[in-house]
Amino acid sequence: MIPDRPQPGRRWQGWADRHAGWIFAAPWLIGVVVLMLLSMAASVVLSMVEWDGVALSGMRWVGLEHYRHILSLNPETADKDFRIALYNTLIYAVFAVPLGLAGSLALAMLLDSTLRGIGLFRTVYYLPHVLGGVATILIWRWIFHPDFGLINAALRDAYDGIAAVGFAQARTWPVPGWLYSPTWSKPALFLMSLWGAGGAMLVFLAALQNVPEHLYEAARIDGAGRWRCFRHVTLPQISPALFFNLVMGIIGTLQIFNQAYLLESGGQRKSLLFYVVYLYRRAFEHYEMGYASALAWVLFVIIMVLTAVVLLTGRYWVHYEGER
Amino acid sequence: MNDPPGASEKHRDRGRTADRAAIRRRRVRTGLRLAVLTVIGLGFLLPLIWAVCASLKPLDQVYVFPPQFLPNPPQWDNYRQVLDPRVARLPFLRFILNTTVITVSAVVGTVLTGSMAGYALARLSWRTRGFWFIVLLATMMLPGQVLLIPHFLIYKNLGWVNTYKPLIVPSWLGGGAFFVFLFRQFFKTIPRDLEEAALIDGAGRWQIYWRLMLPLAKPAVATVAALSFVAHWQEFMGPLIYLSDLERYPVSLGLRMFQNIGGSWTNLLMAASLVSLLPVAILFLFAQRYFVRGLLLTGTKG
């Protein structure tokens, strides 16, 4: 056999095949190194300087001063808006996450059925989760309009109905101001987030459909009613999905931006000033790149701590099949 | 032993009535479930229906108290007023075109470079691969805010502010850890023998990837394309930071602009919002299973 004479094209191909891993991963590797690793390092440094982001000569080293200011316990020197933003964000998460979990689980249980046409319902429930962004937020803004919006129109009709059956003072009950009221602006966001509960719902639905039927039968033979079946069979069986949705819910709600930024209006009195909105303002409206970087790292630590807490407690309540 | 006459019949009868009761109970339960499903389903659709109705009203019907649900008569001209560049208050068609350009460029980049990285992580052996896979998993968890400002400064110094590059170039650098992960997981499931056969036939790595692996990974490609399409079509914060020229706005910024300058033209605002939702809704209806697949891949393996 005559060996192939090496051709220039072949030699190149041989080299490329030997280093194929690096070559194929190259675009992503550049992205990871520049946009992730170096950027993170830069962000750490930035959080210790005072800088408007314009000229390097304007940069001033301040060390941990930003962090000290953010985390200061002294109400005189503390960053008041930071505290408002943190409080709003945590309160929002404390209500929206459990509400979302309960709502999406209830919907998933409703959809866990072999009814004909159930696929249509699943599509309808899931659709709003996919439709997001500015357009749906503007639609909701109109729905929440205190005078001409859908929700208050329905409420007024309901009041009239109550009045019609003999409870006359119902007509004088007030309707919420929703986005124009510091009390009702957050509940408005809860409603909006429930509308998009379809994602978590599908994760629950997949988990529910994987629960083996014989476990329910065994429980029923042991005399368990519906509640005990749910509590002792369903919940442990779907606990990995619950765990996943809980972690995703926490991460997602703490980073809420679009709704809060777009739905701001007079009359809310900072009730929709959320963490990332505040961070955005400091960075891109006040050009305080250093301070905003420190804010970002504080948020990072908060998210990591909460996620770690869930992960650690997960050992006690998340049940994985085949591992006892 | 014979049962007294009639006893077995009685038994059977009792059995039949018990069956009938069970069937009736099941029917009632099914009916109830169907009713609840329908009511909630209408609740989910109501915001969209309400927006459609508002988009078809003349302005004086929008601001009427108490609010009326249905437009009377529907004013289809509202959509022309939004889309026709000669009468529109903002270049809305232009915004949609801009969004299309950004989204398509970003989706192509994500599918191409994301699948290449996924292939390298799943199938090629190269030094430090294990390390980079751990980096991939770590970056999937990273909240984006810590990168926001460094990215802005990088792009600003490259002179990319007020261009589409900050919105597109990252998609050509892997397009996000989640998509790379999704591709990697999918390539792992493709049997190795196909690839080995191709290697023996003398195919190069690129040929194997392009002619063999990528066509086999069509479901993963569809999932990533669908998810990244929606993400880029609806992106708001990136354009908000990087774009200042009205002519270059994508639809998300255009809608916000519309709300700020013409906030009281609610009928037109609703029409514009619905038009911008339409591509995503159509994509969803045709590619629903790919959305579900992407979601469940994260949800069950996570």
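The values are calculated or read from the model by the stated rules, or taken from the named source; none is laboratory data. Note that this is a predicted model, so its numbers are computed, not measured. Cβ placement follows ideal geometry from the backbone for every residue including glycine, while neighbour counts extend to all protein chains displayed.
Report yes if B:Val104 is part of a helix (DSSP H, G or I) and free of Cβ contacts under 8 Å to residues at least 24 places away in the same chain, otherwise no. Please lay out each step first, then the result.
Numbers: part of a helix (DSSP H, G or I): yes; free of Cβ contacts under 8 Å to residues at least 24 places away in the same chain: yes.
Criteria met by B:Val104.
Taking the listed residues B:Ile241, B:Ile208, the one that is β-branched (Val, Ile, Thr) and within 19 Å of A:Ala20 (Cα to Cα) is B:Ile208, with no other qualifying.
From the list A:Gly117, A:Gly133, the lone residue that is closer than 30 Å to B:Val275 by Cβ and in contact (Cβ under 8 Å) with a residue 60 or more places away in the chain is A:Gly133. When the helices (runs of 4 or more DSSP H) confined to region A:34-128 are screened for residues that are within 26 Å of the chain's Cα centre (by Cα) and more than 9 Å from chain B (Cβ to nearest Cβ), those reaching at least 3 such residues are found at A:65-71, A:80-111.
Residues in region A:259-275 that are in contact (Cβ under 8 Å) with a residue 40 or more places away in the chain and facing chain B (nearest Cβ under 9 Å): A:Leu262, A:Tyr275.
The set of residues in region B:51-76 that are more than 14 Å from chain A (Cβ to nearest Cβ) and under 10 Å from B:Ala271 (Cα atoms) contains only B:Trp76.
If you go through region A:129-178 and pick out every residue that is part of a helix (DSSP H, G or I) and in contact with a Ser or Thr (Cβ under 8 Å, 6 or more places away or on another chain), you end up with 8. Kindly indicate whether any position in region A:180-187 is in contact with a Lys or Arg (Cβ under 6 Å, 6 or more places away or on another chain) and more than 23 Å from A:Gln237 (Cβ to Cβ). Yes - at least one qualifying residue is present in region A:180-187.
Count of region B:268-282 residues, restricted to those that are surrounded by fewer than 24 Cβ atoms within 10 Å (Cβ to Cβ) and more than 10 Å from every other protein chain (Cβ to nearest Cβ), is 3.
Once region B:267-302 is narrowed to residues that are β-branched (Val, Ile, Thr) and at pLDDT 90 or above, the residue that is farthest from B:Leu90 (Cα to Cα) is B:Ile282. Among the residues of region B:45-63, those that are crowded, with 16+ Cβ neighbours inside 10 Å and assigned to a loop (DSSP other than H, G, I, E, B) comprise B:Leu56, B:Lys57. Checked against (1) farther than 20 Å from A:Tyr278 by Cα; (2) outside any helix (DSSP H, G or I); (3) within 14 Å of chain B (Cβ to nearest Cβ); (4) not hydroxyl-bearing (Ser, Thr, Tyr), A:Ile23 meets all criteria but (2).
Do any helices (runs of 4 or more DSSP H) entirely within region B:175-240 hold 3 or more residues that are in contact (Cβ under 8 Å) with a residue 60 or more places away in the chain and more than 14 Å from every other protein chain (Cβ to nearest Cβ), and if so, which? Quick ask: steps written out before the conclusion?
Working: elements: B:177-188, B:192-200, B:218-233.
Here the list reads B:177-188, B:218-233.
Could you identify the single residue in B:Pro85, B:Pro71, B:Pro66 that is in a loop (DSSP other than H, G, I, E, B) and crowded, with 18+ Cβ neighbours inside 10 Å? Residue meeting the stated conditions: B:Pro71.
Which residue out of B:Leu37, B:Leu42 is surrounded by 14 or more Cβ atoms within 10 Å (Cβ to Cβ), within 15 Å of A:Phe121 (Cβ to Cβ) and either of a type outside the set (Asp, Glu) or in contact with a Phe, Trp or Tyr (Cβ under 9 Å, 6 or more places away or on another chain) (or both)? Before the answer, list the steps.
Numbers: B:Leu42 fails: surrounded by 14 or more Cβ atoms within 10 Å (Cβ to Cβ).
Testing whether each residue is surrounded by 14 or more Cβ atoms within 10 Å (Cβ to Cβ), within 15 Å of A:Phe121 (Cβ to Cβ) and either of a type outside the set (Asp, Glu) or in contact with a Phe, Trp or Tyr (Cβ under 9 Å, 6 or more places away or on another chain) (or both) leaves just B:Leu37.
Assess whether A:Gly53 counts as being at pLDDT below 90, crowded, with 17+ Cβ neighbours inside 10 Å and farther than 20 Å from A:Leu279 by Cβ.
Details: at pLDDT below 90: yes; crowded, with 17+ Cβ neighbours inside 10 Å: yes; farther than 20 Å from A:Leu279 by Cβ: no.
Answer is no for this residue.
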